[in-house]
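The values are calculated or read from the model by the stated rules, or taken from the named source; none is laboratory data. Everything quoted here is computed from the prediction, not taken from an experiment. Note that we place each Cβ from the backbone using ideal geometry, even for glycine, and neighbour counts take in every protein chain shown. Keep in mind that these areas ignore ligands, DNA and RNA; they rest on the heavy atoms of the full protein, side chains included. Shrake-Rupley method; radii C 1.70, N 1.55, O 1.52, S 1.80 Å.
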Amino acid sequence: KCNLTGQWENDLGSKMTVFKVDDDGNFSGEYLTAVSSTTKAIQVSPLVGTQHLDKDENCTFGFTVNWKKFSDSTAVFVGQCFTEGSGDEVLHTSWLLREKVDSEHSDWKATR
């Protein structure tokens, strides 16, 4: 089955470390993004998530990253783990990013 514990890197160079996944599928970790629209220095950010502990090798998962150390935004990721024929595990994810805006009137531009 897919084991999210460990270090992962995406095609843009962002790095995620998942600490131990517990028996219920809950985990925490750290995310270091390689891309940001902020002018502040990017810093490692905490993440929390959960995964299905399916018996097959294609589990789904989700996690939230709080960019609190350098940005007023939060991102959520959902995805699925696939095990290739070589035995390598690959994660495919989609994400939403919510940026802080100054007013409800500006809400339309807050989510990417």
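Total residues in segment 91-112 satisfying the condition of being more than 14 Å from the chain's Cα centre (by Cα) and either of a type in the set (A, V, I, L, M) or open to solvent by 90 Å² or more (accessible area, probe 1.4 Å) (or both): the figure is 9. Suppose we keep only residues that are touching a strand residue (DSSP E or B) at 6+ places or on another chain (Cβ under 8 Å) and hydrophobic (A, V, I, L, M, F, W, C) within segment 1-26. Which one would you say is surrounded by the fewest Cβ atoms within 10 Å (Cβ to Cβ)? Among residues in segment 1-26 that are touching a strand residue (DSSP E or B) at 6+ places or on another chain (Cβ under 8 Å) and hydrophobic (A, V, I, L, M, F, W, C), the one surrounded by the fewest Cβ atoms within 10 Å (Cβ to Cβ) is PHE19. Applying the condition of being in a strand (DSSP E or B) and at negative phi to segment 1-26 and asking which residue is nearest to the chain's Cα centre (by Cα) yields MET16. Collect the residues in segment 59-72 that are in contact with a Ser or Thr (Cβ under 8 Å, 6 or more places away or on another chain) and either at pLDDT 95 or above or surrounded by 13 or more Cβ atoms within 10 Å (Cβ to Cβ) (or both), keeping them in residue-number order. Residues satisfying the conditions are PHE61, GLY62, PHE63, THR64, VAL65, ASN66, TRP67, PHE70, SER71. So for segment 95-103 (the condition being polar (S, T, N, Q) and touching a strand residue (DSSP E or B) at 6+ places or on another chain (Cβ under 7 Å)), does at least one residue qualify? Within segment 95-103, none of the residues are polar (S, T, N, Q) and touching a strand residue (DSSP E or B) at 6+ places or on another chain (Cβ under 7 Å).
As for segment 74-85, it holds no residue that is of a type outside the set (Lys, Arg), modelled with pLDDT under 95 and on the phi > 0 side of the Ramachandran plot. No other residue among GLY79, GLY29, GLY49 is surrounded by 16 or more Cβ atoms within 10 Å (Cβ to Cβ), touching a His at 6+ places or on another chain (Cβ under 7 Å), part of a strand (DSSP E or B) and not aliphatic (A, V, I, L, M) apart from GLY79. Go through segment 38-62 residue by residue and tally those that are in contact (Cβ under 8 Å) with a residue 24 or more places away in the chain and either under 24 Å from ASP107 (Cβ atoms) or over 13 Å from the mean Cα position of the chain (by Cα) (or both). The qualifying residues number 14.
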